[in-house]
Amino acid sequence: MPATDTEHATAASLAAEHEALTRSCGLVDRSERGKLALTGAGAIEFLNGQVTNELAGLRAGEGRYAAFLTNKGKMLGDVRVLAVGESGSEAPEELFLDTERVALQALFDMITRFKIGYDVELHKRTLQRGMLSLIGPDADRVAGTAALAAEEHANATVDVDGLAALAVRTDVGVDLICEAEHTERLAELLRARGAIAVSEEVAECGRIERGRPRFGVDIDESTIPQEAGLNARAVSFTKGCYVGQETVARLYYRGKPNRHLRGLRLSAPAQTGDAISLGEREVGRVGSTCVSPRLGPIALALVRREAGPGDVVAVGADGTTADVVALPFSRG
C-alpha cells in the first residue's frame with residue numbers, strides 16, 4: 001500500500017530531526033530517568049563494593065559507567081556514577097547516580113540494604129532534578145562546555161545565561177542536569193542558542209545505530225555484562241571484590257558467553273519482542289528497533305552465539321529476514 005501524505009510528512013520530520021543529531025545539535029528531555037545521590041565520607045568505598053567498575057580514587061569532575069548485579073552475576077541495572085564537586089578535589093561532595101527508571105527501585109533497595117555500617121546518606125533526586133541531553137557536533141557550543149574534559153562522564157557546573165546546571169560529557173554530546181523547576185527555562189535558553197528539539201524516538205534511533213544497549217529493552221535481569229558487550233565500558237578486572245564478581249570473572253577468563261549483542265539489518269520493520277530464528281531454532285528476541293533515515297529498518301538483539309555476523313535470520317512470523325551484523329552499525 002502506498003504511503004499516505006501524513007506518513008511522508010512524518011518520515012520527513014523524523015529525517016530532519018535525525019539530521020540535527022548528526023550535523024548540528026538536538027535537544028531531548030530525559031528528566032524521567034531515575035536519579036539518586038550519595039553523600040558522606042564512605043560513599044565511594046561503599047558503592048565500590050556494589051558495582052562492577054572501579055570507583056576508588058574517583059575525583060570530583062570524573063565519572064564511571066557500571067552495572068550492579070545479583071550474586072550470580074546477572075544485571076539488576078546499569079548506572080552512571082558522577083563524582084560532583086569542585087574540580088580536582090580529593091573527595092567529591094556527592095556521588096550522583098543516574099539510571100534507567102525501570103532499574104531505580106532495584107538500585108534504591110540495594111543501597112538501602114547494604115549501606116549499614118558505612119558513613120553514607122542516600123538522597124532521592126528523580127523528581128528534584130531535570131535532565132536535558134544535547135546530542136550532536138554543536139553540543140559544546142550550545143551548552144558553553146568547550147572547556148569540559150573530553151572523557152565520557154566528565155562533569156562540571158556551568159552557567160547558561162544565568163541558570164546553573166551540571167554539565168556531563170556523553171559519547172554524543174553533553175547532558176545538563178538542573179533543578180527540576182528550572183528545566184523548561186533551561187530548554188528555552190538552549191533552543192535560543194540553536195538547539196533543535198527532537199523526539200525521544202529519533203534519539204533512540206541514534207542510540208541503536210551506535211549499538212548501545214538499553215536496560216529494560218535490550219538487556220535485563222537475565223543478562224551478564226559480557227553478553228551485552230559491556231566489559232570494556234563497565235567492568236574492571238583489577239578492582240577488589242563486588243557483588244557478582246566471581247561469575248563475571250569466571251566467564252571472562254575461562255568461558256564463552258552463550259549470547260552476544262548483535263545488530264540486525266531488517267528487510268522490513270520489526271517489533272520489540274519478535275522472535276529471531278536461525279533455521280528451526282529460536283536464537284533470540286528483538287530488542288530496540290527503529291527505521292533509521294540512514295540505514296533503514298534496524299534493531300539490537302541478544303542472540304545465541306551460533307547466530308553470528310553474516311548469518312541471515314528470520315524475524316517474527318511474517319517473512320521478515322535480517323542480516324546479523326557486528327556493532328556499531330557503521331561497521332556492519
Rg/Rh for the chain: what does it come to with C-alpha atoms and Rh from Kirkwood? 0.98
In Å², nearest 10: area of Asp318 left accessible to a 1.4 Å probe: 110 Å²
Quick check on the chain: of the DSSP beta bridges with both residues there, what percent are antiparallel, nearest 5%? 95 percent
Measure off, as a whole percent, the carbon and sulfur share of the 1.4 Å-probe accessible area of the chain, all protein chains present. 50 percent
Restricting the range 93-180 to GluC sites (Glu not before Pro) in coil, as DSSP defines it, with at most 12 other Cβ within 10 Å: Glu151
Restraint check, Lys74/Lys124; Lys35/Lys72; Lys72/Lys256; Lys124/Lys239, Cα-Cα greater than 21 Å: Lys74/Lys124; Lys35/Lys72; Lys124/Lys239
Any cysteines in the chain with zero other Cys Cβ atoms under 4.7 Å from their Cβ? List them, or say none. Cys25, Cys178, Cys241
Given charges of +1 on the Cβ of Lys and Arg and -1 on the Cβ of Asp and Glu, with all other atoms neutral, how large is the dipole of the range 86-143 about its Cα centre, in debye to the nearest 20? 360 debye
Label the range 251-332 by shape, choosing from rounded, prolate and oblate, from the square roots a ≥ b ≥ c of the eigenvalues of the Cα gyration tensor; if a/c is under 1.5 it is rounded, and otherwise prolate applies when a/b is larger than b/c, oblate when it is not. oblate
Quick calc, the range 51-210, dipole around Cα centre from Cβ unit charges on Lys, Arg (+) and Asp, Glu (-), nearest 20 debye, gives 460 debye
Which value, in Å², gives the accessible area per residue of the range 33-156 when a 1.4 Å probe is used on the protein heavy atoms? 42 Å²
Given an 8 Å cut-off on Cα distances and at least 6 residues of separation, report the relative contact order of the range 217-287 as a percent. 31 percent
Averaged per residue, what accessible surface does the range 270-326 expose to a 1.4 Å probe, in Å²? 46 Å²
Charge dipole (the range 1-150, unit charges on Cβ, about Cα centre) - positive-most of Val84, Ser133, Gly26: Val84
With the Cα gyration tensor of the range 183-332 giving a ≥ b ≥ c as the square roots of its eigenvalues, does the rule (a/c under 1.5 for rounded; else a/b larger than b/c for prolate; else oblate) give rounded, prolate or oblate? oblate
Could you pull out the trypsin sites (Lys or Arg not before Pro) across the range 60-127 that fall in loop regions by DSSP (anything but H, G, I, E, B) with no more than 14 other Cβ atoms inside 10 Å? Lys72
Under a Cβ-only charge scheme (Lys and Arg +1, Asp and Glu -1), can you give me the dipole magnitude of the chain about the Cα centre, in debye to the nearest 20? 1080 debye
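The values are calculated or read from the model by the stated rules, or taken from the named source; none is laboratory data. Just so you know, these numbers come straight off a predicted model, no measurement behind them. Methodologically, a virtual Cβ is constructed for each residue, glycine included, from the backbone with ideal geometry; neighbour enumeration extends over all protein chains shown. Remember, those area values only see protein heavy atoms, side chains included, never the ligands or the DNA or RNA. Shrake-Rupley method; radii C 1.70, N 1.55, O 1.52, S 1.80 Å.
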